[in-house]
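The values are calculated or read from the model by the stated rules, or taken from the named source; none is laboratory data. Please read these numbers as outputs of a predicted model, since none were measured by experiment. All Cβ positions, even for glycine, are placed from backbone atoms using ideal geometry, and neighbour counts span all protein chains on display.
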Amino acid sequence: MDGVEIAVADLDSQQAKAELARLAKEIAAHDQRYYAEDEPSVSDADYDLLRQRNEAIEARFPKLVHKDSPSLRVGAGPAKQFSKVRHAVSMLSLGNAFNDQDVVDFEARIKRFLSLDETAELAFTAEPKIDGLSISVRYENGKLVEAATRGDGFEGENVTANVLTISELPKQVEAEDFPDVFEVRGEIYMSNKDFVALNEKQSQAGGKVFANPRNAAAGSLRQLDSSITASRPLKIFAYAWGEVSALPADTQHGVFEAFARWGFPVNALSERCVSAKDMIAHYRMIEEQRALLGYDIDGVVYKVDRLDYQERLGFRSRTPRWAIAHKFPAEKATTVLEGIDIQVGRTGALTPVARLLPVTVGGVVVSNATLHNRDYLEGRGQNGEVLRGGADLRVGDTVTIQRAGDVIPQIVDVDLSKRPDDAAPFVFPERCPICGSHVVRELNEKTRKLDAVSRCSGGLQCSAQVVERMKHFVSRGAFDIEGMGDKVIEAFLADGLIETLPDIFTLAKRDADSFKKIRDREGWGGTSAQNLFDAIDAARSVELARLIYGLGIRHVGETTGRMLARHYAWVGNFITAMKEAAADREGQAFVELVDIDGLGDAVAGSLADFFAEEHNLTVVDNLLQELDVQDVEAVETGSPVTGKTVVFTGKLEKMSRSEAKAMAERLGAKVSGSVSAKTDLLVAGPGAGSKLKKAESVGVEVISEDDWFELIGVSSAP
Ligand code: IVH
């Protein structure tokens, strides 16, 4: 800082204005060096002084706070992030096939869904699965206007400025048939050669060295300074699309050809196939060339070629039914098992975890691997099969680990010839390492076999479970309460500030009445305490799906949470149904639950278990007192069957049962397996029996399959 600094108290408004402008510029320059270039030029303490001075001046002259003031940027520090972009069409992931049989099953499943004959010809495209990061690039009237990363699939980061630096990507498409609105999706990647050169350059300059081309591509794209991105050799392959005003073809490969015509890079190894056998042959061909391609791929993606079929097939939770990724075999490495820890999860499951001598597998350093459960550790699989020749795992063993894609590393083999003489069998604990309660293994009622998972019987009294439940509750996919990290939860629980989930929402009020305030705790201050209270307050208004997921019920993940929310639409409805399902496992509410998009017995059972527990109901009731749970908008609100409960029965001739169900749900209807007074519509095909009788007796409207298509406005049935 040059010149003499005038004390804040002595500044007049003219001087204050000039000083704020100077500080804003200086702070922004430091931020740039710190965040984007990783090269700070002042100490943290000096930087803090600048910010403090800025704040002090603003406090004295609030009218002079400029809209670009450093104090207005999100969080305590400057903006470290890109702005968010909500995807008009979600960016989903793909299901996996790991072997040829999975591909055969994929084809058969699709034919079944589409009611196609087994021998009918069905075309697919097969193309390399690029190991990069996916991107959605939006064009309006031919001009590239926005680019967003995938993020969580629903919301990504706005990286337009950076994507504009990718030379391969057209910034303006002149083609006559290019639709007004077109979101091109594809994979950004870095070639192996460019990756090696970049790392060399980085290491000479003392900069960051990347572990693999994928990380290098991701790191290069996520630069706040696009001139850095511009200096990185990023490439792209186009392979899909998001929101579009029109499509140039009615097949996947047709759109591909249009991509190429419009000037987008497409992968030359994409091919049209007409059977599982064909796809597998193409997979082998690509696999053989893998090492020579010059860029990383991790499998082959198959997609149903006809777009009308894709539409009919739709999506199953987060993956399309019409596509699958056939992965290359996992990569393996050998290392030493140095220890076995037992972790207690949120639901009380005791999971043994292998501590390994760190080893690199497929470009990633691995030091832990899951050991799943006691049986796995002792050499048995879930269905009684023998693993590793029946060998157990002991500390000191030499083991082979494998990583398949993004799957957690697994121990797949043990070399008994290298087992140390003193290696002792692992003794699985009979008591929970956290709370000392007995460890139990439930008996599976169906199979009459012991459940694979050992559980602590301590429930909410086990602090591992309370801690984990809380962490889960405030996590991103659930209540997303910023400032309530693991450390805070652990400390608050230890000091009795919170005991159960609803306590989170009464924290501010209790703090106000307390002599021992949060702001006086070590590491806290007035601002951070207030920020936490604000974040908690903001979380009161919550989507039903997040609430359901946040409860941490066994088997109920984010997708199931969303499915349930969509089905029950509002919280009262959901709770009533759950209580009914819990009270009678043969009753209609339970059957309805099992039926929701193939939810199944296990998930329904665990929901019912949860809602059968008095203390859980108390927690939920207390939570609801504090929350404002948002209703769910139906998938499609304007359809003639929105909000209606529909039952399909008899033989359907133009669509399979699963297609009928998916179609109805997409239109906002609720599909139930049984007829009751709550049913609005029975779609009956030939051979309908008891459900038809029941419908007639309770006065439910009955229509044919053709009537159904007419009702939903599809004149010619598919
Ligand atoms: S199609 C609705 N095609 O794989 C599915 N994805 O595991 C649209 N990926 O997030 C994706 N190469 O990042 C598709 N040729 C390809 C791909 C590909 C790589 C990535 C993509 C996606 C992930 C799914």
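Those residues that are in contact with a helix residue (DSSP H, G or I) (Cβ under 7 Å, 6 or more places away or on another chain) and closer than 18 Å to residue 551 by Cβ, I need them from region 576-588; list them, please.
If the condition is that a residue be in contact with a helix residue (DSSP H, G or I) (Cβ under 7 Å, 6 or more places away or on another chain) and closer than 18 Å to residue 551 by Cβ, then 577, 578, 579, 580, 581, 582 are the ones that fit.
Restricted to region 120-142, and to residues that are in contact (Cβ under 8 Å) with a residue 60 or more places away in the chain and more than 12 Å from the ligand (Cβ to nearest atom), which residue is surrounded by the fewest Cβ atoms within 10 Å (Cβ to Cβ)?
Residue satisfying both the conditions and the ranking: 121.
Given the residues 145, 163, which is the only one that is within 25 Å of residue 246 (Cβ to Cβ), away from the ligand (no atom under 16 Å from the Cβ) and either at pLDDT below 95 or β-branched (Val, Ile, Thr) (or both)?
145
Looking at (1) crowded, with 19+ Cβ neighbours inside 10 Å; (2) within 16 Å of the ligand (Cβ to nearest atom), find the lone condition where residue 94 falls short.
All conditions pass for residue 94, except number (1).
Among the residues of region 97-112, which ones are buried (at least 21 other Cβ atoms within 10 Å of the Cβ) and either modelled with pLDDT under 95 or in contact with a Lys or Arg (Cβ under 6 Å, 6 or more places away or on another chain) (or both)?
Hit for region 97-112 is 97, nothing else.
Identify all residues within region 473-518 that are assigned to a loop (DSSP other than H, G, I, E, B), over 27 Å from residue 435 (Cβ atoms) and not aromatic (Phe, Trp, Tyr); write none if there are none.
Result: 476, 480, 482, 483, 514, 517.
Does region 68-76 contain any residue that is surrounded by 19 or more Cβ atoms within 10 Å (Cβ to Cβ) and within 16 Å of the ligand (Cβ to nearest atom)?
no
Are there any strands (runs of 3 or more DSSP E) wholly within region 237-348 with 1 or more residues that are touching an Asp or Glu at 6+ places or on another chain (Cβ under 6 Å) and more than 16 Å from the ligand (Cβ to nearest atom), and if so which?
Passing ranges, in order: 331-344.
Being surrounded by 14 or more Cβ atoms within 10 Å (Cβ to Cβ) and more than 16 Å from the ligand (Cβ to nearest atom) is the filter here; which residues of region 183-206 pass it?
The initial filter retains those residues of region 183-206 that are surrounded by 14 or more Cβ atoms within 10 Å (Cβ to Cβ), namely 183-192, 194-195, 198-199, 202.
Matches in region 183-206: 192, 194, 195, 198, 199, 202.
Take the residues of region 154-180 that are of a type in the set (A, V, I, L, M, F, W, C) and more than 28 Å from the chain's Cα centre (by Cα): which is nearest to residue 81 (Cα to Cα)?
Keep residues of region 154-180 that are of a type in the set (A, V, I, L, M, F, W, C), which gives 154, 159, 161, 163-164, 166, 169, 173, 175, 178.
Within this subset, residues satisfying the condition of being more than 28 Å from the chain's Cα centre (by Cα) are 173, 175, 178.
Numbers: 173: 30, 175: 35, 178: 33 Å.
Per the stated criteria, the residue is 173.
Pick from 688, 695: which is closer than 27 Å to residue 111 by Cβ, in contact with a strand residue (DSSP E or B) (Cβ under 9 Å, 6 or more places away or on another chain) and touching a residue at least 24 places away in the same chain (Cβ under 8 Å)?
Checking each option against the conditions leaves just 688.
With respect to the numbered conditions (1) within 25 Å of the chain's Cα centre (by Cα); (2) of a type in the set (S, T, N, Q); (3) farther than 30 Å from residue 685 by Cβ, which one is the sole condition not fulfilled by residue 658?
Here residue 658 clears every test but (3).
Looking only at region 359-374, decide whether some residue is in a loop (DSSP other than H, G, I, E, B) and either within 13 Å of the ligand (Cβ to nearest atom) or closer than 30 Å to residue 109 by Cα (or both). Lay out the reasoning, then the answer.
Step one: of region 359-374, the residues in a loop (DSSP other than H, G, I, E, B) are 362-363, 371-373.
Checking the rest, the ones that are also either within 13 Å of the ligand (Cβ to nearest atom) or closer than 30 Å to residue 109 by Cα (or both) come to 372.
Taking every residue of region 359-374 in turn, at least one turns out to be in a loop (DSSP other than H, G, I, E, B) and either within 13 Å of the ligand (Cβ to nearest atom) or closer than 30 Å to residue 109 by Cα (or both).
I'd like to know if region 221-231 contains one or more residues that are farther than 24 Å from residue 81 by Cα and either modelled with pLDDT under 95 or within 16 Å of the ligand (Cβ to nearest atom) (or both).
There is no residue in region 221-231 that is farther than 24 Å from residue 81 by Cα and either modelled with pLDDT under 95 or within 16 Å of the ligand (Cβ to nearest atom) (or both).
Sort out which residues of region 254-297 are closer than 20 Å to residue 213 by Cβ, among the acidic types (Asp, Glu) and either modelled with pLDDT of 95 or more or buried (at least 21 other Cβ atoms within 10 Å of the Cβ) (or both), and write them in order of number.
Passing the criteria: only 296.
Please identify the pairs in which a residue from region 323-334 that is β-branched (Val, Ile, Thr) has its Cβ atom under 6 Å from the Cβ atom of a residue that is within 13 Å of the ligand (Cβ to nearest atom) and at pLDDT 95 or above, counting only partners at least 6 apart or on another chain.
If the second residue must be within 13 Å of the ligand (Cβ to nearest atom) and at pLDDT 95 or above, the pairs left are 324/302.
Condition first: more than 14 Å from residue 327 (Cα to Cα), of a type outside the set (Gly, Ala, Ser) and out of contact with any Lys or Arg (no Cβ under 8 Å at 6 or more places or on another chain). Now tell me which residues in region 289-298 satisfy that.
289, 292, 293
Does residue 535 meet the test of being more than 20 Å from residue 625 (Cβ to Cβ), assigned to a helix (DSSP H, G or I) and among the aliphatic types (A, V, I, L, M)?
No.
Report, by residue number, each residue of region 320-365 that is in contact with a strand residue (DSSP E or B) (Cβ under 8 Å, 6 or more places away or on another chain) and of a type in the set (Lys, Arg).
321, 327, 332, 355
In region 98-119, which residue that is away from the ligand (no atom under 16 Å from the Cβ) and in contact with a Leu (Cβ under 9 Å, 6 or more places away or on another chain) is nearest to residue 292 (Cα to Cα)?
By that ranking, first place goes to 107.
Let's see how each residue does on (1) within 30 Å of residue 550 (Cα to Cα); (2) out of contact with any Leu (no Cβ under 9 Å at 6 or more places or on another chain):
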site: 352; (1), (2): yes, no
site: 365; (1), (2): no, yes
site: 372; (1), (2): yes, yes
site: 384; (1), (2): no, yes
